[in-house]
Amino acid sequence: MERESVEPDKIDGALEMKALRRVIATYLNYASSAEDDVRRWERSYSRLPSRQKELLSHLPKKYAEVRRCISRNFHLISTMLRYFEPPFEMSDDEQQFEHVSDAGNEDVTTAGCKNHKKDHENANGWKDCRSETSVSNKRLAVENEGTKSAVEVQGSYEMDDFHFGSREMPNSTGGFHFEDNTDQHLHVRPSDVDKVRCVLRNIVRDWTKEGAGERDKCYSPLLQELQSWFPNIDPEARPSCLVPGAGLGRLALEISRLGFMCQGNEFSYYVLICSSFILNQTVEPDEFEMHPWIHSNCNKISDKDQLQSVRFPDVHPGSAGITEGFSMCAGDFLEVYGHESQTGAWDAVVTCFFIDTAHNVVDYIEVIHKVLKPGGVWINLGPLLYHFADAHEFSSHDEISIELSLEDVKKVAFSYGFELKKESTVQNTYTSCPTSMSQHLYYSSFWTMIKR
Ligand SMILES: C[S@@+](CC[C@H](N)C(=O)[O-])C[C@H]1O[C@@H](n2cnc3c(N)ncnc32)[C@H](O)[C@@H]1O
């Protein structure tokens, strides 16, 4: 049959492109899906009896404000997409492989990162880790016309009211040309909508002053522990540290600031588009502004809290004192670091809210053990909210999900040759809104193991 004659590499490439197109389509759909929500709120308001409408006469103004915030967020998203350079030529080639199953990309979740999960849409990743996103503060050339045409993709959302300082946009040879891909927002799955909103919340966690409290509870214990194992770093022989599932890159950047040769690894295009933008395109601290909490009316003490904007990044990555060699590696952790070239390559591995993203946590432990040098340190912090535990509710594919207790996770680690040096429980949150009436608290496991 014809499909059997298609080369595996081509199929992988086509699936990869399909996954990326889906992510871009979802980003482009941000404004219209948010607008749907506002219209729904307005419809409910319009059904109130006139006395109640009068009582709540401020609400139409609030909805207008929300629209302004959506517009600002969409401008940010459009800017990020413009700077994003896909790791391959974006063409329609993948259509010839429409029949090829993309089981790995099947959506299995609905709620975004409400519970720090659901980020595995890009199961194919950039397999060969070909994209090394190193930090720089370069600026690109202006193209305001291009910005305008991007707005028209979404129809009613105009963005030319918003400017990030004197930011210049990539010219027509750089970045992703989404004005040529206007069809992409037609195929957005409702279950993907929250993934973009989730990235906005992740920006707060990693790159805002408002997220400092959360970072202090999650990243500070890891950084202090890492420092205690490598107290006096010799600049001529810097230790190496790997951060799998690095998210938007703040933890990896902080480790680099301590003097480590640090590499973050991440496989979600949703996340990579944003982290690459923040790390590479920021010119000054607090350069960008967005409204992360506008999408829900629930658990808000005041409308002001809901409409509140945040500025980011709170530090300029390019002048944050990072160590040379800091990089972000795009690709699936198991595929990239399972490669034999990675055996015994790292002095330390730091995982934060990561190990429960596995289909099979035993595979993660095996690869973490393998990539460490003898005597190398693995520091972990996070809960065990297995991401694929409820996959059967959303996916027609029979996804493997190995869900072990903490005791069993440790037992497996010991069987691979890890020795437990320290263990405690740390209370923390994940992408929580500091002003919300609802705070989800994790009792995260925090441990240090060394490879014997
Ligand atoms: C819950 S988030 C935690 C992010 C970050 N460590 C933090 O604490 O904010 C888990 C991250 O791991 C990434 N991830 C999940 N599975 C992965 C894999 N197999 N390879 C690389 N990254 C992965 C997800 O895309 C997501 O960004």
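With θ taken as phi - 60° and the coefficients 6.51, -1.76 and 1.60, list the Karplus ³J(HN,Hα) couplings across segment 299-307 in order, rounded to whole Hz; mark glycine and proline as x.
With the stated coefficients, segment 299-307 comes to 6, 9, 6, 8, 4, 4, 4, 5, 8 Hz.
Taking amide hydrogens as modeled 1.01 Å from N in the peptide plane, which residues meet the under 5 Å criterion relative to residue 288, leaving out close sequence neighbours?
Amide H neighbours of residue 288: 312.
Chymotrypsin sites (Phe, Trp or Tyr not before Pro) within segment 183-252: which are DSSP loop residues with at most 10 other Cβ atoms inside 10 Å?
none
Would you list 216, 305 from fewest to most Cβ contacts within 10 Å?
In increasing order of surrounding Cβ atoms, one gets 216, 305.
Rounded to the nearest 0.05, what FRET efficiency is calculated for residue 233 and residue 422 with R0 set to 25 Å and r the Cβ-Cβ distance?
0.75
Label residue 68 and residue 47 with points 7 Å out from Cα along Cα→Cβ: what is the distance between them in nm?
The modelled label-to-label distance comes out at 2.9 nm.
In the structure shown, do any of 53/209; 209/410; 209/373; 195/217 have a Cα-Cα gap over 27 Å, and if so which?
Correct reply: 53/209; 209/410; 209/373.
If you stretched the chain out fully between residue 408 and residue 343, how much longer would it get, using 0.36 nm times the residue separation minus the C-alpha to C-alpha distance?
Extra length from residue 408 to residue 343 when fully extended: 20.9 nm.
Starting with the fewest neighbours, write out 234, 206 ranked by other beta-carbon atoms found within 10 Å of each beta-carbon.
234, 206
Please report 61, 370 as a ranked list, fewest other C-beta atoms within 10 angstrom at the top and most at the bottom.
61, 370
Need the C-alpha centroid separation for segment 249-270 versus segment 407-449, integer Å.
19
Radius of gyration and Dmax for segment 350-426's Cα atoms, expressed in Å?
13.4, 43
Taking every pair of alpha-carbon atoms in segment 208-286, give the share separated by more than 20 Å as a whole percent.
Here the long-distance tail beyond 20 Å is 38 percent of all Cα pairs in segment 208-286.
Calculate the length of the line joining the C-alpha centroid of segment 30-45 to that of segment 350-403, in whole Å.
37
Values quoted throughout were computed directly from the atomic coordinates according to the rules given, and no laboratory measurement underlies them. Quantities reported herein were computed from a predicted structural model and do not represent experimental measurements. Neighbour counts are summed over all protein chains in view; Cβ atoms, including those assigned to glycine, are modelled from backbone coordinates with ideal geometry.
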